[in-house]
Amino acid sequence: MEDYNIFASRVVTKNEPLAPGHRACIGCGEVLAMRLAAKAFNKNTIVVNATGCMEIIASQVPYNSWRLPWIHTLFENAAAVASGIESAIKVLSRKNRIPEEEIHVVALGGDGATVDIGIQALSGAFERGHNITYICFDNEAYMNTGIQRSSATPFGASTTTSPAGKKSIGQSTWKKDTPSIMVAHNIPYVATACPSYPFDLMEKIEKALSTNGPSYIHIFSVCPTGWRTKSDLAIRLGRLAVETGVFPLYEVENGVYKMNKIETELKPLSLYTKPQGRFKHLNDDQLSAIEARIHSEYEALKEKCELTQVREDM
Amino acid sequence: MSKRIGIETSLAIAETVKLVNVDVVAAYPITPQTHIVEHIADLCANGELDAEYIPVESEHSAMSACLGSSAGGARTFTATASQGLELMHEVLYVASGMRLPIVMAVANRAVSAPLSIWGDHSDVMSCRDTGWIQVFVENGQEAVDMTICSFIIAEDPSVLLPFMINLDGFHLSHVIEPIILPDQDEVKAFVPDFNYKYRLDPHNPVAMGDFATPAIFTEAKWANEVALTNSRAVINDVWDRFYKTFGRKYQAVETYKTEDAETLLMTMGSFSETAMTAIDAMREQGRKVGLVRIRLWRPFPFDDIYEAVKECKNLIILDRALSAGGPAGPVASEVKAALYNKSVKPAIVSIVGGLGGRDIHVSDFINMVDIGEKAIKNNDIKPFEIYGVRG
């Protein structure tokens, strides 16, 4: 990073709340996303980590990569633990037992921890309106346990529990639209982000932390190990996911949708799928069918932006 | 001044939660525990208790939120029962493993299937190895007194372990009893403030809950075990101080008319009061019988139990839980194991009864003593007897 001082010293903090000493795979897009997110955290932040890749790569008694207070308990309960911490801060501050200051509580989880096993705890914490930020690092399968499918795995992807075969296309269901589920909780801030767009990502984290009430950020996290890609492709694949419409960047503030990067013409899906081993079994017809649905969802998202804009104008 | 009032045990526990000035309560409704948390919610709503009440969406999240609030340095309480306790099961181990001094009341109830809302000890018997300090209370007064003591014990810097107060669902939780509620100032003077040294604090960052490799896991578990075993000294000390301050004496194992007794009944929980009446009735008939009641279940009071039973010939142990396919009722199994290497020990008969809320009357306890003495006399001791079963 010899050019760091030339290009980024004035725009990005040199602070690294997540220290470089960790055990993530070479080329991991998820730990990059977590590092960028951490750079956008205020120093008055408490981190709650669900079990998963990001938990095990950052922790091992007696080491820990976090320079912030950090707690891990279980797989499915990060949002509930965060709600307990937030409540403790609230009451102790009210009772003058700790200094009165703003302390952010941020929960981190992978897609399995968030959209599958932990969705109940997350839904409960958001419904109750706790002032917490929840960040989902979505690498589209249970990578920590060995690439098993989750409800965030995209249609057609081959995983160890949705393997492609003579009678199987791989994952047979469409990726769960988790940001929409979070929007349905009527929370003030929901956003998607990708570490290939670092400034957008960090701005969204800052916005989420400064939101009064629950906020949710869903971060697309390329996993070279699980996606069967070369280890130098995380940034490029992240960009292609956005440019092909696979993972649009948008935010929803108080119910109003806004796309942060609108593609006038979406790039061909094959540019994104071809470098990935998990999609290599798909034929052209299958890819076209997937592409058609991606395009229709992209249009639907643009429509949502227009429709909800009315609410903002009111 | 403390006052003696007629109050339901559940409400008295809630009032005690107020007296010790709990900071955070996270709870989910489940019968027969609901009256406790409903009353706490009332106290918060009326401004009588300044606490955060988190109405979580499940017991799993209840205990998880408790982990968070306790790690955040707040005095934390919850209550549950039965399926709720089972749903939070995996979180219980985390609370003890991470040394978080959460206090929980469990209104003991049967576990499905078949669905039963009524009381027995099946729920908590699956939690024996979770690393929590556990007591079984006999009456409403004891529930109040144990609640006061539990926070001091759990939060003691040398202990820092979660504390479970078991009270029989309905038979105790829903009973209105004359209870002395101590005065707020008395409790404030007796219960020190909770100052958790390792709380999550941005000014002094700590990492909690790192994973452990095989190189350190055993040491971590052993440290927990040593802390749990050593908590006994603090438990004794707090109960002694409680006696000096409030005049009510508590010890790990209680005995009733055990001197010169040839046959002893052993019980846990509220049915012990009925058993005492049965002992009185049998004593009137000239039978040499007595009662041993276990109050402290974890850490297991080996020496106290041995002291209490070593002189008797026959020991009849009532379990209100069935250890499916196991060697005896859970309490009987543990007491047998604890006495196995002693050269002098009584013959032991395990009786399982009172499941799913079925009453055990004075006459039933007399029957149990008859069954037990007969089995021992005829040298016909089964792994366990199930009491009063039809068909």
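The values are calculated or read from the model by the stated rules, or taken from the named source; none is laboratory data. Keep in mind that this is a model prediction, so the values were computed, not measured. Glycine also receives a Cβ, built like all others from the backbone with ideal geometry; neighbour counts cover every protein chain displayed.
Taken together, the residues in region B:357-391 that are crowded, with 17+ Cβ neighbours inside 10 Å and on the phi > 0 side of the Ramachandran plot amount to 1.
Residue-wise test of (1) more than 19 Å from A:SER172 (Cα to Cα); (2) surrounded by 11 or more Cβ atoms within 10 Å (Cβ to Cβ); (3) free of Cβ contacts under 8 Å to residues at least 24 places away in the same chain.
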{"site": "A:LEU266", "(1), (2), (3)": "yes, yes, no"}
{"site": "A:LEU271", "(1), (2), (3)": "yes, yes, no"}
{"site": "A:ASP284", "(1), (2), (3)": "no, no, yes"}
{"site": "A:ILE290", "(1), (2), (3)": "no, yes, no"}
{"site": "A:GLU303", "(1), (2), (3)": "yes, yes, yes"}
{"site": "A:GLU306", "(1), (2), (3)": "yes, no, yes"}
{"site": "A:ARG311", "(1), (2), (3)": "yes, yes, no"}
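Filtering A:GLY52, A:GLY29, A:GLY84 for residues that are of a type in the set (Gly, Ala, Ser) and more than 30 Å from B:THR76 (Cα to Cα) leaves a single hit, A:GLY29. A single entry from B:ILE40, B:ILE36, B:ILE102, B:ILE54 fulfils the requirement of being modelled with pLDDT of 95 or more, under 16 Å from A:THR73 (Cα atoms) and touching a strand residue (DSSP E or B) at 6+ places or on another chain (Cβ under 6 Å): B:ILE102. In the set B:ASP304, B:ASP364, only one residue is at pLDDT 95 or above and under 19 Å from the mean Cα position of the chain (by Cα); that residue is B:ASP304. Taking the criterion of being touching a strand residue (DSSP E or B) at 6+ places or on another chain (Cβ under 8 Å) and either assigned to a loop (DSSP other than H, G, I, E, B) or not acidic (Asp, Glu) (or both), the residues of region A:243-253 that qualify are A:PHE247, A:PRO248, A:LEU249, A:TYR250, A:VAL252.
Residues in region A:35-42: is at least one facing chain B (nearest Cβ under 9 Å) and either touching a residue at least 24 places away in the same chain (Cβ under 8 Å) or more than 15 Å from the chain's Cα centre (by Cα) (or both)? Checking region A:35-42: at least one residue is facing chain B (nearest Cβ under 9 Å) and either touching a residue at least 24 places away in the same chain (Cβ under 8 Å) or more than 15 Å from the chain's Cα centre (by Cα) (or both).
Identification of helices (runs of 4 or more DSSP H) wholly contained in region A:1-100 with 3 or more residues that are under 28 Å from B:LYS197 (Cα atoms) yields A:53-58, A:78-94.
Within this structure, A:GLN120 passes the test of being more than 17 Å from the chain's Cα centre (by Cα), at the interface with chain B (Cβ under 10 Å from one of its Cβ atoms), surrounded by fewer than 20 Cβ atoms within 10 Å (Cβ to Cβ) and within 19 Å of A:GLY52 (Cα to Cα). Looking only at region A:75-91, residues that are within 7 Å of another protein chain (Cβ to nearest Cβ), buried (at least 24 other Cβ atoms within 10 Å of the Cβ) and not small (Gly, Ala, Ser) come to 4 in all.
Of the strands (runs of 3 or more DSSP E) lying entirely inside region B:24-116, those carrying at least 3 residues that are more than 14 Å from chain A (Cβ to nearest Cβ) are B:103-108. The residues on offer are B:ASP145, B:ASP156, B:ASP120, and the sole one that is of a type outside the set (A, V, I, L, M) and under 13 Å from B:ARG232 (Cα atoms) is B:ASP156. Residues of region A:208-240 that are closer than 20 Å to A:ALA38 by Cα, in a helix (DSSP H, G or I) and touching a residue at least 40 places away in the same chain (Cβ under 8 Å): A:ALA208, A:LEU209, A:ALA234, A:ILE235, A:GLY238.
Whenever a residue of region B:196-214 is in the same structural domain as B:LEU161 (by TED's automatic domain parsing), its partners that are charged (D, E, K, R) and modelled with pLDDT of 95 or more, lying with C-beta atoms within less than 7 angstrom and at least six residues away or across chains, give the pairs B:PRO205/A:ARG67.
Looking at region B:218-238, is at least one residue more than 14 Å from every other protein chain (Cβ to nearest Cβ), buried (at least 17 other Cβ atoms within 10 Å of the Cβ) and not aliphatic (A, V, I, L, M)? Yes, region B:218-238 contains a residue that is more than 14 Å from every other protein chain (Cβ to nearest Cβ), buried (at least 17 other Cβ atoms within 10 Å of the Cβ) and not aliphatic (A, V, I, L, M).
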